[in-house]
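First comes the structure, then the notes that go with it.
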Amino acid sequence: MKLVDEIERLKAKKNAVILAHNYQRAEVQDVADFVGDSLELARRAAETDADVIVFCGVDFMAETAAVLNPDKKVLIPDIGAVCPMAQMLLTATLKEARAEHPDAAVVLYINTLAESKALADCVCTSANAPAVVNAMDAETVIFGPDANLAYYVRRRSPKRIVTVPEHGLCPTHHQISLEDVEAARRQHSRAKLVVHPECVPEVQDAADHIASTSGMVRFCKQDEATEYLIGTEVGLLHRLKKEAPGKCFHAVSETAICPQMKMHTLSKVLRALEREKPVVVVQKEIAEAARNAVERMLQVGK
Ligand code: 13P
Ligand code: SF4
């Protein structure tokens with residue numbers, strides 16, 4: 001039997017749902033019940049009535065699904081799918097920042113481990129970071145771990161933003177340079193530049209539009225232009241080409257590949273469904289504290 005047919009059969013038998021991030025391999029996106037950005041995936045995970053969630057994304061996303069669903073089984077096809085940015089924020093650094101700024105609110109990017117989220121007042125994603133920061137009842141906001149997302153927020157908020165750690169970043173986005181943008185523009189002079197807020201400030205400043213991964217898709221579909229330079233992980237091009245077939249998309253950098261996102265394959269999805277493991281487990285006390293911070297985010301903009 002074909003891999004996809006077997007996945008479909010087991011999914012129905014076990015009342016499972018497959019959630020996939022926009023950077024997943026094309027064939028994994030195509031077998032998923034839902035493909036989206038971090039905010040959409042968190043919302044889907046909060047709403048699902050499936051018994052089993054197969055999460056095709058990185059660790060912090062699957063952990064968020066587990067935190068929101070303590071009674072469900074959350075599977076991650078490859079436990080090696082660990083986001084390096086989420087590892088950059090240590091709880092000790094966060095505690096130090098809290099002690100140094102006792103009146104500040106703590107807003108953490110969803111790209112953090114559950115143990116860090118447990119110490120936060122609220123979580124945010126690239127889709128709602130300025131709105132979440134501006135909703136805090138404090139003049140100073142401790143924000144981390146992405147310094148590039150912090151730059152994006154600072155330009156959209158009157159709050160004082162203190163970053164923790166000082167220079168957290170996504171290696172995949174950080175390598176997309178202004179030189180890459182200029183070279184792409186020389187080749188495709190009529191194309192609009194659409195980028196993710198994890199890109200460096202110079203790339204953000206050059207962009208026609210900055211948004212979360214799904215926000216980038218929505219913009220390109222609604223906008224009147226027909227050609228775009230895409231400044232994010234190359235996996236997003238699959239959705240863009242599928243959902244806007246009449247338009248033309250070029251990656252600003254063909255080497256912007258997140259190796260951790262690409263770890264999940266169809267055979268690993270099938271194996272996870274068959275064996276019902278690896279299971280994502282978050283310790284109860286950590287999960288309860290982290291859930292408050294995630295649920296507070298889900299209320300913003302509702
Ligand atoms: P989005 O929430 O915009 O999909 O971004 C997630 C991510 O990890 C970007 O690198
Ligand atoms: Fe983490 Fe960057 Fe990969 Fe997103 S693209 S999962 S932030 S390493």
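A short reminder: the numbers here are calculations on the coordinates, not readings from a lab. Bear in mind that the values here come from a model prediction, so they are computed numbers and not experimental data. With ideal geometry, Cβ positions are generated from the backbone for all residues, glycine too; neighbour counts draw on all protein chains shown.
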To the nearest 0.05, how large is the calculated FRET efficiency for Ala183 and Lys13 if R₀ is 30 Å and r is the Cβ-Cβ distance?
0.05
At a Cα cut-off below 26 Å, give the lysines reachable from Lys14, other chains included and same-chain residues fewer than 8 away excluded.
Lys2, Lys72, Lys73, Lys262, Lys268, Lys277, Lys284
Hull surface divided by four, with the convex hull built on the Cα atoms of the chain: how many nm²?
15.3
List the residues of the range 23-41 whose backbone N lies under 15 Å from a point placed 7 Å from the Cα of Val4 along the Cα-to-Cβ direction.
25-34
Distance (nanometres) between label positions extended 7 Å along Cα→Cβ at Asp103 and Asp208:
4.4
Anyone know which of Glu100, Glu40, Glu166 comes out most mobile in the 10 Å Cα GNM of the chain?
Glu100
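Multiply the residue gap between Arg156 and Leu90 by 0.36 nm, knock off their C-alpha separation, and tell me the result in nm, one decimal place.
The Arg156-Leu90 span can extend by a further 21.1 nm.
Would you mind calculating the gained length between Lys284 and Arg218 on full extension (0.36 nm times residue separation, minus the Cα-Cα distance), in nm to one decimal?
20.1 nm
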Using +1 at the C-beta of Lys and Arg and -1 at the C-beta of Asp and Glu, which of Val52, Thr64, Leu90 has the Cα lying farthest in the positive direction of the dipole of the range 42-152?
Val52
Going by how many other Cβ atoms sit within 10 Å of their own, how do Ser177, Ser212 line up, fewest first?
Ser177, Ser212
With N residues in the range 1-104, Rg(alpha-carbon) / (2.2 N^0.38 Å) equals 1.28
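For the range 164-203, run through the trypsin sites (Lys or Arg not before Pro) and keep only the ones in DSSP coil with at most 10 other Cβ atoms within 10 Å of their Cβ.
Answer in residue order: Arg190.
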Cross-link candidates for Lys159: which lysines have Cα within less than 27 Å, leaving aside residues fewer than 8 places away along the same chain?
Lys95, Lys117, Lys302
Extension gain (nm, one decimal) between Asp33 and Asn134, 0.36 nm per residue minus Cα-Cα:
33.0 nm
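Sort Cys56, Cys258 by Cβ crowding within 10 Å, fewest neighbours at the top.
Cys258, Cys56
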Once the dipole of the chain is set up from charges on Cβ (+1 Lys and Arg, -1 Asp and Glu), the residue from the list Cys220, Asn134, Val153 lying farthest towards its positive end is Cys220
